[in-house]
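Beneath this line is the structure, given in structure tokens, with notes to follow.
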Amino acid sequence: MNAVNDISSTNKNEINAPWKKQEMQSVETKVNALIEQMTLAEKIGQLNMQDGTGEHAVAYLAMSIRNGSLGSILNQTNVETINELQRIALEESRLKIPLLIARDVIHGFKTVMPIPLGQAASWNPELVKQGAVIAATEAASTGINWTFAPMVDISRDPRWGRIAESLGEDPYLAGELGAAMVKGFQGENLSDKNSIAACVKHFVGYGAAEGGRDYSATNIPDNEMHNVYLRPFKAAVDAGAETLMASFSDIDGVPATANDYLLTDVLRDEWKFDGTVVSDWNAVGELEDHGIADGEKSAALLASVAGIDMEMAGKCFSGHLEDLVTSGQLSTEKLDQMVANVLRTKLRLGLFDNPYTNPSDYPGIAYPEALKVAKESAVQSLVLLKNDNDTLPLSNNIASLAVIGPLADAPYEQLGTWIFDGDATFSVTALNGIQSFVGDSTKVNYCKALANSRSESTEAFDDALQVAKASDAVILCLGEESILSGEAHCRADIDLPGAQVELVKTLHAAGKPIILVVLAGRSITLGNVVDYCDAILFAWHPGTMGGAAIADVVFGKVSPSGKLPVTFPSVVGQVPMYYNHKNTGRPPSKEKVILMDEIEEFAPQTSLGMTAFYLDAGYKPLFAFGHGLSYGEFEYSQLQLSASKIAPREELTVTVNLKNTGACQAEEVVQLYTRDLVGSVTRPVKELKGFKRIALGPNEETTVTFKLTASDLAFYNRKGKWGAEPGKFHLWVGGSSLADLCAEFELTE
Ligand code: BGC
């Protein structure tokens with residue numbers, strides 16, 4: 001195979017393709033003109049995506065591309081190979097239709113940002129967008145033009161390994177951040193050289209897998225489907241997402257891949273989505289395993305009729321669509337719609353005009369701006385869960401510091417799940433970051449203590465204890481290796497694995513301040529270690545620059561500002577646990593509106609009566625959604641509403657005074673929640689409606705303003721309609737979902 005190395009010699013105007021004709025102005029005209037010329041086999045080829053790796057794959061792909069039976073590949077990342085495959089498509093296939101080249105570029109390409117759940121802890125859409133811009137730029141330099149991200153599946157179950165890839169439990173936060181990722185990947189214009197198509201996944205409900213076991217069935221009632229699971233997808237579609245991926249899962253008896261209600265009625269008819277819908281890997285064929293299709297042909301029919309346009313890595317479409325169309329079971333009109341969706345995506349990507357990639361047009365990998373964004377993203381993702389007696393920040397003058405734990409110096413592990421292309425040679429570990437921060441002024445005593453997070457061996461604990469005793473403070477880097485989260489990597493027990501809990505207790509005996517830094521792909525139940533630590537910094541899997549970010553925060557160069565995008569239960573048996581739950585008829589509080597902090601400590605059952613709680617774990621989480629401490633001290637006051645009543649077309653202005661009464665410059669994520677007190681269907685006890693990141697110096701104060709309209713208060717009601725209902729609302733503003741500064745207003749008819 002001849003790779004196209006000098007792509008500058010390829011004169012775009014020489015491509016004599018049918019869509020080049022002057023009169024084909026609009027994308028739609030071009031799509032229709034192409035479809036008119038396509039044979040049935042060529043149409044089906046556009047709906048076929050195959051794996052581009054493996055020894056013989058490239059030769060096989062070349063043949064399929066040449067004869068028009070393959071329109072898209074995934075997982076090939078060699079730019080020369082990709083250029084050559086595009087050349088074959090453009091020069092040797094009959095209709096000269098370029099290829100979609102897909103890859104899971106989830107939270108970075110070579111430069112790795114924190115895992116998406118970590119990025120969500122930044123509550124910073126602009127930063128999340130910049131992370132996606134870097135990922136797109138690095139990936140596009142190899143010829144990739146389509147990423148399978150963002151994942152906006154709501155997850156309320158940290159046992160599910162893919163929670164790492166999610167943007168948390170809240171539909172509004174996930175929607176805002178998912179939309180930001182879409183904009184970052186797709187850029188100003190999808191046809192720009194740095195832009196790649198986003199693929200919002202997994203439509204829909206995948207995160208509700210029963211028991212947190214990946215691929216398990218999901219049972220999502222209509223009310224929850226619309227009010228929770230669909231919302232972030234709608235936000236991402238509204239942000240211009242070019243493609244969507246259907247979920248693997250069964251939803252109430254109809255797997256997503258065959259779910260015509262979701263894929264067609266909601267997505268196409270209601271939301272007017274006109275891009276490409278791709279199946280997940282072999283998910284069309286798996287309709288047979290679900291027990292809803294009787295063989296591959298029936299699976300192909302179910303999936304295509306429901307609304308899947310392209311099959312990923314399967315043979316159902318390529319093997320059976322021809323038969324289905326010629327026998328009249330699948331209409332030509334439907335087939336043409338599927339093909340049109342794919343061609344539209346290719347046209348919008350500008351691939352017909354510019355299919356080749358010249359790496360020298362790009363800044364390369366791990367370039368300064370990429371590392372800068374990765375560091376800022378890691379800094380803002382760090383959540384300070386606990387900080388007794390102002391243990392943090394540590395003084396720069398500390399004479400000696402113990403850095404202990406299997407994740408203190410693990411360059412690959414800190415990158416997290418889904419880093420096919422991530423390059424750990426660029427990683428700055430916590431040990432590296434701390435050493436270079438303190439230079440020679442502090443003696444850093446390192447001890448790994450455990451071979452890995454799962455090790456049960458306590459052999460090195462005595463050494464670790466001596467290291468702790470010989471130091472002024474202990475930074476203890478524990479958590480999970482990257483392999484413990486991600487697809488098909490679920491855990492039934494989400495405590496710190498192996499002998500790590502024992503290690504915490506052992507080191508506590510040294511009598512030195514213990515700063516626990518957790519690197520993990522999910523929320524970890526820390527109920528059994530929280531009392532043994534003076535401070536806890538939750539770092540998620542923080543990516544390439546994680547260690548540099550940890551050092552900056554530990555030594556107070558920058559204040560921590562991350563806030564939890566998921567509720568942290570104390571013990572796994574509390575799962576699912578999420579802040580925006582329903583009140584129930586018997587809430588564990590005498591008040592109608594539960595304020596989660598009303599009952600200070602776990603109370604014995606007698607004082608909570610016949611209510612919704614656990615005898616042995618109460619009803620409160622260990623750390624609430626939205627929680628995160630700071631080196632600043634933020635005081636909220638003067639919550640004011642512009643009116644006590646608003647009509648459906650009016651706007652409510654909410655203002656609050658925020659003052660940093662602490663001694664450090666810091667950023668606070670101000671959060672706005674509401675509760676609809678009476679609805680035609682029961683409504684959550686709190687719902688996030690807005691957030692803002694505000695930077696304030698010591699003693700500085702400001703007024704923070706939010707605007708609310710009836711559309712922000714809308715929900716899917718008893719009649720199956722989306723809209724707000726008149727009545728009273730409570731509203732809170734504060735630094736977490738426990739915010740207690742409360743006001744009331746009414747939405748009138
Ligand atoms: C995952 C998708 C991913 C695809 C391609 C599947 O197993 O569920 O999220 O995009 O593989 O790698």
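Looking for something buried (at least 24 other Cβ atoms within 10 Å of the Cβ), modelled with pLDDT of 95 or more and on the phi > 0 side of the Ramachandran plot - is there at least one such residue anywhere in region 114-125? Don't jump to the end; show me each part of the working.
To start, the set of residues in region 114-125 that are buried (at least 24 other Cβ atoms within 10 Å of the Cβ) comprises 114-124.
So of that shortlist, the ones also modelled with pLDDT of 95 or more come out as 114-124.
When the remaining residues are screened for being on the phi > 0 side of the Ramachandran plot, the result is 123.
Scanning region 114-125, I find at least one residue that is buried (at least 24 other Cβ atoms within 10 Å of the Cβ), modelled with pLDDT of 95 or more and on the phi > 0 side of the Ramachandran plot, so the answer is yes.
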Query raised in the report: So which residues in region 140-175 are free of Cβ contacts under 8 Å to residues at least 60 places away in the same chain, of a type outside the set (Gly, Ala, Ser) and more than 21 Å from residue 344 (Cβ to Cβ), if there are any at all?
Result: 151
Query raised in the report: Of all residues in region 650-701, which are in contact with a Ser or Thr (Cβ under 6 Å, 6 or more places away or on another chain) and among the small types (Gly, Ala, Ser)?
Result: 666
Report summary line: Of the residues in region 176-196, those that are under 16 Å from the mean Cα position of the chain (by Cα), surrounded by fewer than 24 Cβ atoms within 10 Å (Cβ to Cβ) and either within 15 Å of the ligand (Cβ to nearest atom) or not charged (D, E, K, R) (or both) number 0
Query raised in the report: Just wondering, is there one or more residues in region 482-492 that are basic (Lys, Arg), more than 16 Å from the ligand (Cβ to nearest atom) and without any contact (Cβ under 8 Å) to a residue 60 or more places away in the chain?
Result: no
Query - Answer from 512, 563 - the residue that is at pLDDT 95 or above and surrounded by fewer than 24 Cβ atoms within 10 Å (Cβ to Cβ) - result: 512
Report task. For region 679-709, enumerate the residues that are more than 27 Å from the chain's Cα centre (by Cα) and within 17 Å of residue 581 (Cβ to Cβ). Result -> 679, 681, 682
Query - Residue satisfying all of: in region 213-223; within 16 Å of the ligand (Cβ to nearest atom) and out of contact with any helix residue (DSSP H, G or I) (no Cβ under 7 Å at 6 or more places or on another chain); farthest from residue 159 (Cα to Cα) among these - result: 215
Requested in this report: State whether the residues of region 336-355 include one that is more than 30 Å from residue 258 (Cα to Cα), out of contact with any Gly (no Cβ under 6 Å at 6 or more places or on another chain) and without any contact (Cβ under 8 Å) to a residue 12 or more places away in the chain.
Outcome: no
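Can you find, within region 34-45, the residue that is surrounded by the most Cβ atoms within 10 Å (Cβ to Cβ) among those that are assigned to a helix (DSSP H, G or I) and either in contact with an Asp or Glu (Cβ under 9 Å, 6 or more places away or on another chain) or of a type in the set (Ser, Thr, Tyr) (or both)? Give the steps one after another, and end with the answer.
Of all residues in region 34-45, those assigned to a helix (DSSP H, G or I) come to 34-37, 40-45.
Of the ones still in play, those that are also either in contact with an Asp or Glu (Cβ under 9 Å, 6 or more places away or on another chain) or of a type in the set (Ser, Thr, Tyr) (or both) are 35, 40-41, 43-44.
Details: 35: 18, 40: 13, 41: 13, 43: 24, 44: 27.
It comes out as 44.
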Report task. Show the residue pairs that are 6+ apart or on different chains and have beta-carbon atoms under 6 Å apart, the first residue being within region 673-697 and closer than 26 Å to residue 660 by Cα and at pLDDT 95 or above, the second being β-branched (Val, Ile, Thr) and buried (at least 21 other Cβ atoms within 10 Å of the Cβ). Result -> 687/674; 689/674; 691/669; 692/670; 693/669; 694/670
Query raised in the report: Where in region 438-553 are there strands (runs of 3 or more DSSP E), lying wholly inside it, with at least 3 residues that are closer than 20 Å to residue 570 by Cα and in contact with an Asp or Glu (Cβ under 8 Å, 6 or more places away or on another chain)?
Result: 514-519
Report task. Could you grab me the full set of residues in region 263-277 that are in contact with a Leu (Cβ under 8 Å, 6 or more places away or on another chain), touching a residue at least 40 places away in the same chain (Cβ under 8 Å) and under 19 Å from residue 250 (Cβ atoms)? Result -> 267, 277
Requested in this report: Within region 168-190, track down each residue that is of a type in the set (A, V, I, L, M, F, W, C), closer than 19 Å to residue 136 by Cα and assigned to a helix (DSSP H, G or I).
Outcome: 177, 179, 180, 181, 182, 185
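Does residue 330 satisfy the condition of being surrounded by fewer than 24 Cβ atoms within 10 Å (Cβ to Cβ) and part of a loop (DSSP other than H, G, I, E, B)?
On the way: surrounded by fewer than 24 Cβ atoms within 10 Å (Cβ to Cβ): yes; part of a loop (DSSP other than H, G, I, E, B): yes.
Judged against the criteria, residue 330 is a match.
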Query - Residue satisfying all of: in region 144-160; closer than 16 Å to residue 181 by Cβ and in contact with a helix residue (DSSP H, G or I) (Cβ under 7 Å, 6 or more places away or on another chain); farthest from the ligand (Cβ to nearest atom) among these - result: 154
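In the list 323, 289, which residue meets the criterion of being in contact with a Lys or Arg (Cβ under 9 Å, 6 or more places away or on another chain) and surrounded by fewer than 19 Cβ atoms within 10 Å (Cβ to Cβ)?
Working: 289 fails: in contact with a Lys or Arg (Cβ under 9 Å, 6 or more places away or on another chain).
Checking each option against the conditions leaves just 323.
Which residue out of 335, 302 is in contact with a helix residue (DSSP H, G or I) (Cβ under 7 Å, 6 or more places away or on another chain) and under 19 Å from residue 289 (Cα atoms)? Give the steps one after another, and end with the answer.
Details: 335 fails: under 19 Å from residue 289 (Cα atoms).
Step by step, each of 335, 302 is checked, and only 302 is in contact with a helix residue (DSSP H, G or I) (Cβ under 7 Å, 6 or more places away or on another chain) and under 19 Å from residue 289 (Cα atoms).
Sort through 205, 168 and tell me the only one that's within 16 Å of the ligand (Cβ to nearest atom) and either of a type in the set (Asp, Glu) or within 22 Å of residue 582 (Cβ to Cβ) (or both). Can you show your working first?
Working: 168 fails: within 16 Å of the ligand (Cβ to nearest atom).
From the options 205, 168, the qualifying one is 205.
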Query raised in the report: When you go through 265, 274, 280 one by one, which is the residue that is under 14 Å from residue 49 (Cα atoms), of a type in the set (Asp, Glu) and either buried (at least 20 other Cβ atoms within 10 Å of the Cβ) or within 26 Å of the chain's Cα centre (by Cα) (or both)?
Result: 280
Report summary line: Checked region 303-320 for anything surrounded by fewer than 24 Cβ atoms within 10 Å (Cβ to Cβ), away from the ligand (no atom under 16 Å from the Cβ) and not in a loop (DSSP other than H, G, I, E, B); matches are 305, 306, 318, 319, 320
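Return yes or no: is residue 137 buried (at least 21 other Cβ atoms within 10 Å of the Cβ) and either in contact with a Pro (Cβ under 9 Å, 6 or more places away or on another chain) or of a type in the set (Asp, Glu) (or both)?
Numbers: buried (at least 21 other Cβ atoms within 10 Å of the Cβ): yes; either in contact with a Pro (Cβ under 9 Å, 6 or more places away or on another chain) or of a type in the set (Asp, Glu) (or both): yes.
Yes; evaluated as a whole, the condition is true for this residue.
Within region 641-672, restricting attention to residues that are of a type in the set (A, V, I, L, M, F, W, C) and without any contact (Cβ under 8 Å) to a residue 60 or more places away in the chain, which residue is farthest from residue 384 (Cα to Cα)?
Initially, region 641-672 is screened for residues of a type in the set (A, V, I, L, M, F, W, C), giving 641, 643, 646-647, 652, 654, 656, 658, 663-664, 666, 669-670, 672.
Filter again for without any contact (Cβ under 8 Å) to a residue 60 or more places away in the chain, leaving 658, 663.
Details: 658: 20, 663: 17 Å.
Residue satisfying both the conditions and the ranking: 658.
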Query - Top-ranked residue of region 46-99 - restricted to ones that are of a type in the set (Lys, Arg) and part of a helix (DSSP H, G or I), ranked as nearest to residue 278 (Cα to Cα) - result: 66
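The values are calculated or read from the model by the stated rules, or taken from the named source; none is laboratory data. Fair warning: this is a prediction, and the values are worked out from it, not measured in the lab. FYI the Cβ positions are ideal-geometry reconstructions off the backbone, even for glycines, and counts take in every protein chain you see.
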